[in-house]
1. Tell me which lysines have Cα within less than 17 Å of residue 384's Cα, excluding those fewer than 8 residues away on the same chain?
2. Taking θ = phi - 60°, what integer Hz values does the Karplus form 6.51 cos²θ - 1.76 cosθ + 1.60 yield along region 361-368, in sequence order, with x for Gly and Pro?
3. Using per-residue counts of other Cβ atoms within 10 Å, averaged over each peptide, order 231-238, 204-211 from highest down.
4. Which order do the peptides 156-163, 26-33 take when ranked by the mean count of other beta-carbon atoms within 10 Å per residue, highest first?
5. Report the local net charge at residue 104: Lys and Arg +1, Asp and Glu -1, summed over other residues whose C-beta lies under 13 Å from its C-beta.
6. Per residue of region 135-140, in order, report the coupling 6.51 cos²θ - 1.76 cosθ + 1.60 (Karplus, θ = phi - 60°) as ³J(HN,Hα) in whole Hz, putting x for Gly and Pro.
7. What residues have an amide H closer than 5 Å to that of residue 356, excluding those fewer than 5 places away on the same chain, when H is modeled at 1.01 Å from N in the peptide plane?
8. Mind listing the phi-derived Karplus ³J(HN,Hα) values for region 75-82, rounded to whole Hz, using 6.51, -1.76 and 1.60 with θ = phi - 60°, and x for any glycine or proline?
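Any read-out appearing in this document is the output of simple, stated calculations on the displayed coordinates, not a laboratory observation. The structure presented is a predicted model; accordingly, all values stated were derived computationally and were not measured. For neighbour counting, all protein chains shown are included, and Cβ atoms are generated from backbone atoms with ideal geometry for every residue, glycine included.
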Amino acid sequence: MAKQFDVVVIGAGPGGYIAAIRAAQLGKSVACIDAWSTADGKPAPGGTCTNVGCIPSKALLQSSEHFEQANHHFAEHGIEVKGVSLKLDTLVGRKDTVVKQNNDGILYLFKKNKVTFFHGTGSFVSQSDGGWTIKVSGKAEDELVAKHVIIATGSSPRELPGLPFDETQILSNDGALRIPAVPKKLGVIGAGVIGLELGSVWRRLGAEVTILEAMPDFLAVADQQVAKEAQKALAKQGLVIQTGVKIGEVKSTAKSVTVPYTDAGGAEQKLVVDKLIVSIGRVPNVDGLGLDTVGLKRDERGFIAVDDDCKTNLPNVWAVGDVVRGPMLAHKAEEEGVAVAERIAGQHGHVNFATIPSVIYTSPEIAWVGKNEQQLKTEGRDYKAGSFPFMANGRARALGDTTGFVKVLADAKSDEVLGVHIIGPMASELIAEAVTIMEFRGAAEDIARICHAHPTLSEAMKEAALAVDKRTLNF
Ligand code: FAD
């Protein structure tokens with residue numbers, strides 16, 4: 001017999017599990033279905049983010065940064081360490097433990113909030129007066145009926161045409177997070193967030209890393225001043241990044257991968273590496289959902305078509321996260337999940353797309369929110385800019401990490417903050433202040449007049465805001 005719920009959520013990544021919890025908090029009976037399994041077949045909720053994305057990549061970035069510090073920077077602090085060596089099994093095992101803690105945490109949260117979890121694949125069967133019927137195919141089969149369905153099935157890595165991932169030589173983000181031995185030479189196709197983060201991990205652990213990017217400009221999505229600073233800093237660390245390349249037919253054998261390409265100057269080149277990470281974007285997970293059975297529309301790029309409220313073309317069917325338009329970010333998925341759950345409960349959930357922060361966890365970290373200078377110029381907006389370098393920040397000097405700066409962009413007349421761009425230590429944490437100010441439509445003067453603790457990196461934000469009015473105190 002079919003099991004009845006108010007809401008069925010398909011997918012337990014950050015979009016889905018957060019939507020399920022919020023709907024349950026608001027008094028709805030909720031089921032959440034997720035297909036992800038551990039190697040031994042156990043449920044592993046948390047989606048891409050927890051299993052092969054945000055969490056494991058940050059665990060590896062942290063471990064590899066410790067290795068880098070021990071090898072190259074402890075000596076500056078007067079700490080001599082001899083014979084630093086790497087136990088890759090332990091490093092990767094720690095990452096797996098962190099992932100499992102997150103999987104278990106989500107199962108605990110489901111129990112705590114009385115969300116019923118189903119391990120398997122969810123697909124639409126039909127619609128009736130009672131609502132939508134969803135089939136769960138897993139070790140056991142179940143049929144669920146619910147008035148509301150939230151699709152949160154996420155995305156998968158895009159392959160290069162004719163070059164399927166084998167996760168041994170040709171790696172997606174999944175294989176790139178569990179390479180069994182540090183490759184001597186590693187190639188990365190795509191200098192986006194994922195390519196830069198994963199390239200950084202293996203470079204720090206000892207690989208020679210070359211990143212090939214088709215776009216002519218490095219990090220075209222970022223403020224170009226930040227992108228230039230990042231390119232300089234990453235090159236100094238030994239990451240080779242080539243932009244404006246055209247990739248030819250990649251050949252892979254058991255021992256090596258050969259990537260022929262035309263460089264930006266038009267010369268034919270060949271990159272021979274032990275392993276190749278392909279990080280050229282992601283595609284929405286829509287196969288097997290039975291979308292055609294119920295007539296659910298997709299947009300021209302294959303994503304589930306939704307309006308600003310995450311409503312699909314079908315009544316009471318919603319979609320959130322990577323499977324719909326917008327930035328592929330865990331926090332964007334979460335915000336949409338909360339907003340949809342609140343709308344289902346008759347509230348007015350809202351996502352402000354203008355204040356979704358972007359972060360790249362390289363060293364130095366890069367983070368921004370709002371408009372960059374290129375965008376403001378294109379829009380013809382009259383703006384003022386203020387920057388402050390970490391070189392002039394006491395805490396950054398004490399940390400021994402002075403690369404980069406904070407830049408605040410504000411409207412020339414009203415002084416409202418339009419964008420904040422950071423490259424430097426803990427940019428991922430510092431950006432939260434800028435998001436808060438922008439959410440309240442605050443001015444650069446507001447940041448400048450807020451008391452910031454000393455000595456902290458956050459003083460660079462205050463000084464950059466002071467610089468908007470040409471009155472920095474420490475530079
Ligand atoms: P997902 O997390 O992809 O979850 C979807 C879930 O649905 C999966 O568990 C999947 O198995 C399940 N599913 C799919 N189809 C079905 C079905 N029919 N039935 C049942 N279950 C199904 N974002 C950040 O914000 N910060 C970061 O630092 C960051 N780092 C990243 C690093 C890497 C290497 C990668 C690859 C991504 C990273 N991202 C990061 C992006 C982030 O992981 C995604 O934006 C986020 O996971 C999207 O959440 P989601 O809930 O939409 O989908």
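1. 371, 407, 413, 462, 470
2. Values per residue, Gly and Pro as x: 8, 7, 10, x, 6, 10, 8, 8 Hz.
3. Details: 231-238: 14.4, 204-211: 21.8.
The packing order, highest mean first, is 204-211, 231-238.
4. Numbers: 156-163: 14.8, 26-33: 21.5.
With the highest mean Cβ count within 10 Å placed first, the list reads 26-33, 156-163.
5. +3
6. Ordered by residue, 3J(HN,Hα) equals 9, 10, 10, x, 4, 10 Hz.
7. 370
8. Taking θ as phi minus 60°, the curve returns 4, 4, 8, x, 9, 9, 10, 9 Hz for region 75-82.
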